[in-house]
1. Would you call residue 125 modelled with pLDDT of 80 or more, in contact with a helix residue (DSSP H, G or I) (Cβ under 9 Å, 6 or more places away or on another chain) and assigned to a helix (DSSP H, G or I)?
2. Looking at segment 155-167 only, could you name the residues that are crowded, with 16+ Cβ neighbours inside 10 Å and at pLDDT 85 or above?
3. Take residue 13 and decide whether it is buried (at least 17 other Cβ atoms within 10 Å of the Cβ) and over 29 Å from residue 167 (Cβ atoms).
């Protein structure tokens, strides 16, 4: 849906952004049904609506909701990174988290990103002269190789559903 919402739309009739956010939480976090939400809106806010109105509201607002959640995840990821990591890498990893959270990356793309990180670490290992840094980079490469191996095995596991694979790969790659 593009453009401004009609003044008669649920989006406008809810009024405050706090009310809209609460309804979005009901929709996307609590998983309440449209009919149940329509009843709650009438009871809690005195705004008459139907399940169709809630459906249109969800369609209009989902992008905003997903983007906001992705921003929160990226910010949290950025804040959780080690302080000694350079800013460029922090921004890149936060951007990756944002992109992954918005669902734009497929598993194949995520695996490719992790392999790219592995290749970068290998290159740094080859270029590194300092023995302590060399050892640390070597261990990091070994850890990334193990994680990628586990993730590859997970993608090939026919016993898991796509959702279970996604959760497992996120756990393996430390993206939970």
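1. Details: modelled with pLDDT of 80 or more: no; in contact with a helix residue (DSSP H, G or I) (Cβ under 9 Å, 6 or more places away or on another chain): yes; assigned to a helix (DSSP H, G or I): yes.
For residue 125, the condition - modelled with pLDDT of 80 or more, in contact with a helix residue (DSSP H, G or I) (Cβ under 9 Å, 6 or more places away or on another chain) and assigned to a helix (DSSP H, G or I) - is not met.
2. Passing the criteria: none in range.
3. Yes: the conditions hold for residue 13.
The values are calculated or read from the model by the stated rules, or taken from the named source; none is laboratory data. Computed from a predicted structure; not experimentally measured. Heads up, the Cβs are rebuilt from the backbone with ideal geometry, glycines too, and the neighbour counts pull from every protein chain shown.
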